[in-house]
1. Taking amide hydrogens as modeled 1.01 Å from N in the peptide plane, which residues meet the under 5 Å criterion relative to Q213, leaving out close sequence neighbours?
2. Can you show me the helix-derived [θ] at 222 nm for the chain, built from DSSP H runs with n ≥ 4 at -39,500 (n - 2.57) apiece and divided by the number of residues, rounded to the nearest 500.
3. Based on alpha-carbon positions alone, could you give the equivalent ellipsoid semi-axes of the stretch 1-103 from the gyration tensor, as √(5λ), descending, whole Å?
4. Please list, short to long, the whole-number percent of alpha-carbon pairs of the stretch 110-166 in consecutive 5 angstrom bins beginning at zero.
5. Can you list the trypsin sites (Lys or Arg not before Pro) in the stretch 10-69 that are in a DSSP coil and have 13 or fewer other beta carbons within 10 angstrom?
6. If the label point is 7 Å along Cα→Cβ of A207, which residues in the stretch 151-195 have backbone nitrogen under 16 Å from it?
7. Return, for the Cα atoms of the stretch 140-294, the radius of gyration and Dmax in Å, separated by a comma.
8. Ranked highest first by the average count of other Cβ atoms within 10 Å around their residues, in what order do 71-77, 238-244 fall?
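The values are calculated or read from the model by the stated rules, or taken from the named source; none is laboratory data. Because the structure is predicted, anything quoted here is derived from the model rather than measured. Cβ placement follows ideal geometry from the backbone for every residue including glycine, while neighbour counts extend to all protein chains displayed. Note: areas computed on protein heavy atoms with side chains; ligands, DNA, RNA excluded. Shrake-Rupley method; radii C 1.70, N 1.55, O 1.52, S 1.80 Å.
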Amino acid sequence: MSDLQRFAGKDILGVGDFDRSDLAGLFAETRRMQRIVRERGATDLLRGRVLANLFYEPSTRTSSCFLAAMTRLGGSVIPISEVRYSSVSKGESLRDTVRTLEAYADVIVLRHPEVGAAKIAADAAKKPVINAGDGPGEHPTQALLDLFTIEAELGPVEGKTVTFLGDLKYGRTVHSLARLLALTGARVRYVSPPAVAMPRPLVAELAARGLEQSEHAELDEVLADTDVLYVTRVQKERFSSEADYETARRGYRVDAALLGRMKARAVVMHPLPRVGELDESVDDDPRTAIFRQVEYGMYVRMALLAAVLGRA
Ligand code: NCD
């Protein structure tokens, strides 16, 4: 099992920072956090430590999840989610903002609309930077919580089929989770409107890493063999025209009738927010894990914060 100590002081920029033994170590620590929260609600492991939560893009789950995770670890949070009201709106560079925040905080969580922003911030800061989504790039903490969810619901993912449905072009959670799955011996299937297919360079990268993947025009080609159905919304904010967005989003919707054609033992996931592609009629199905996924995210981020701050 890996020594989570090696993450002390480290940036978390993408899932490439993890190998299989790191995942085992992180998930063991995640289960420990889950027990702590269930038994006592909180711990003082990170008492006196401060997290700067710097969000240049909208967020409900990721920002409040980091806030809850840090609070339950006994630490506190500087929340900056309305950069409109911060000096960023005066034209301050990301580098200067980050250098300022690290004078106050021990760790910086950053969400930004541009690919590579987390790397720029990490290069500017001495303190650890955690990437909470860099445009269509990566969203490593979401992928970690997604993988934890799959294994909590179905056991080891090795040999299982994970079907990604939706916006595979701009969906950063898909990019990160597919990369993580390349470590695990899972099979992946891609189903998307043609305009938002999985990026070619990423498919090639994953093939080189030995991931078994295939692309399909219709969900029904793979539905009966699917163990994990991972649905995503079309990332409207990444489109330059409303018409292109409308074309991309046409044609897929998961509802209770569709779940009726899936394995009895399966899991349906979505990083949320959903905007019509995952109908509420699936919510009462025990295979739908979207809100358990949200909860596991807090334990995963608690484990990660403890690791990065040298207390795992
Ligand atoms: C996702 C994101 O921001 O990439 N949301 C999240 O963090 N759970 C997915 C999305 O916005 O569609």
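1. V188
2. Taking each H run of at least 4 residues, the total per residue is -11500 deg cm²/dmol.
3. Working: eigenvalues 156, 65, 32 Å².
Semi-axes (√(5λ), whole Å): 28, 18, 13.
4. Values per bin, smallest distances first: 4, 18, 19, 19, 13, 12, 11, 4, 0.
5. Sites meeting the loop and neighbour criteria: R47.
6. Correct set: 188-190.
7. Expressed in Å, the Cα Rg and Dmax of the stretch 140-294 come to 14.4, 42.
8. 71-77, 238-244
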